[in-house]
């Protein structure tokens, strides 16, 4: 009898994990329009069968009329979602956490299907993987690495105020550019 209860619990737990995994990946979808200024979520599915993708470096720079954050990848584009957070809190693996980075409003950049492998760890631990200090730009105040958990790699961009943003995909190498108007 105890064995049946254990097997049932184990089966139920595995089904819950399976449903959660597919529900989370199904939420990415294709929303918003690339290369267009918006304040609404933008997401894309890039289902590259059996090709691994890693975040190689994250950079930020001031442009004439905007600030940009560039995510460069090794491999193809991963699935991603970019959206404004509703407050100063981020829902991470440990639950709801207060964002301690500079900024008055925050944008979450979520990548899906990034493997937690030695290759990604090599990039993450590199000296200039992500800008570490407070950024002195008009719109972008900070970029924070929120960590990699179960294939989801999250970053939070701190902004001076809610500004329209534009998402652009560049190739050779694959780069995701998120620009924020001044």
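Only the coordinates and a few stated rules stand behind these numbers; no lab work does. Please read all numbers here as calculations on a predicted model, not as lab measurements. Positions of Cβ are generated from backbone atoms using ideal geometry, with glycine treated the same way; all protein chains shown enter the neighbour counts.
Students often get this wrong: which residues of the stretch 104-141 have the backbone nitrogen under 12 Å from the point 7 angstrom along Cα-to-C-beta of residue 85?
Residues 104-110 fall inside that zone.
Could you calculate the contour length gain from residue 93 to residue 37, that is, 0.36 nm times the residue separation minus the distance between their Cα atoms, to one decimal place in nm? Write down the numbers at each step before the final one.
Numbers: separation 56, 0.36 × 56 = 20.16 nm, distance 3.06 nm.
Stretched out fully, the residue 93 to residue 37 stretch lengthens by 17.1 nm.
Checking the a/c ratio against 1.5 first, then a/b against b/c, what shape does the Cα gyration tensor give for the stretch 35-146?
On the way: a/c = 1.37, a/b = 1.35, b/c = 1.01.
Since a/c stays below 1.5, the shape of the stretch 35-146 is classed as rounded.
Quick check: residue separation of residue 59 and residue 171 times 0.36 nm, minus the Cα distance between them. What number comes out in nm?
Full extension of this stretch gives 38.7 nm more.
May I ask you to order 148-160, 29-41, 62-74 by the average number of other C-beta atoms within 10 Å around their residues, highest value first?
Result, highest mean first: 148-160, 62-74, 29-41.
Given R₀ = 41 Å, what would the calculated FRET efficiency be for residue 181 paired with residue 126, taking r from the Cβ atoms and rounding to 0.05?
0.85
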